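This report refers to the structure that appears directly beneath it.
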Amino acid sequence: MNERGTHDDEGFEESLLEEELRGAAAILDPVPAELSRLAVEAFALHDLDARLAELAFDSLVDAIPVRGETDPPRMLTFHAGEVSLDVEVSAQGLIGQVMPPQPARIEVLSGPQSAHALAADDLGRFTADVPPAGPFALRLRTGGEVVVTEWLRA
C-alpha cells in the first residue's frame, strides 16, 4: 500500500525483480564459499569497544641497520592511551610485554585461521613459539579493556 491507501504495484514489481536478480547472480556468479566465510570471520573479529593501538615504532622502518646482522628480529611498539605493547617478531616466534605490567590475554589474529591465544604473566610478558605468517594483528584483553593493533605483514 502506498501513501494514498492503494496498492503500490511498482514497489511489488521492484522487489520481485530484485529477488530474480539475486537468484540469477547466485547461479551465474556465486560468491565463493571461502570469501563468504572470510567475510563472516572478519565481522566476528570486529570489537565495537576495542581501542586501536597505533604503531609507534617499527624496526623495519625506524631502526638503523646493523652491519653484519642477517635476519634481525622485527621490533614493534604500539600505543593505545596508557597501554603500550612491545613485540619482537622473529623466525622463532613472538616475545612481548604489555606496559604497564599486568596480566592479559593476547590473541594473534592471522586472517582466516583461528586466533592463537597467549597469556601475559603478572609482569605483562608473553611468548609464542610460532611466528605469525602473512598479515597479522594482536588483540589484547586486560580487565574490561580491549585493544587491537593495526594489521601488519610478518
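Numerical summary
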{"quantity": "Ala39 versus Arg125: modelled label distance in nm, points set 7 Å from Cα along the beta carbon direction", "calculated": "4.5"}
{"quantity": "Calculated FRET value between Ala117 and Met75, using beta carbons and R₀ = 22 Å, to 0.05", "calculated": "0.45"}
{"quantity": "Under 5 Å, built H, 5+ apart or other chain: amide partners of Ala120", "calculated": "Ala104, Arg105, Ile106"}
{"quantity": "Efficiency of FRET between Ala63 and Val31 - r from beta-carbon atoms, R0 30 angstrom, step 0.05", "calculated": "0.10"}
{"quantity": "Dipole-positive endmost among Ala119, Ala137, Gln102 within segment 79-154 (Cβ charges, Cα centre)", "calculated": "Ala137"}
{"quantity": "Burial ranking of peptide ranges 54-62, 82-90, 20-28, 143-151 (average Cβ count within 10 Å, highest at the top)", "calculated": "82-90, 143-151, 54-62, 20-28"}
{"quantity": "Accessible-area composition of segment 93-154, carbon plus sulfur, in percent [1.4 Å probe]", "calculated": "57"}
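The values are calculated or read from the model by the stated rules, or taken from the named source; none is laboratory data. Here the structure is a predicted model, which means the values were calculated and not measured. Virtual Cβ from ideal backbone geometry, glycine too; neighbours counted across all protein chains shown. Just so you know, the surface numbers come from the protein's heavy atoms only, side chains and all, with ligands and any DNA or RNA stripped out. Shrake-Rupley method; radii C 1.70, N 1.55, O 1.52, S 1.80 Å.
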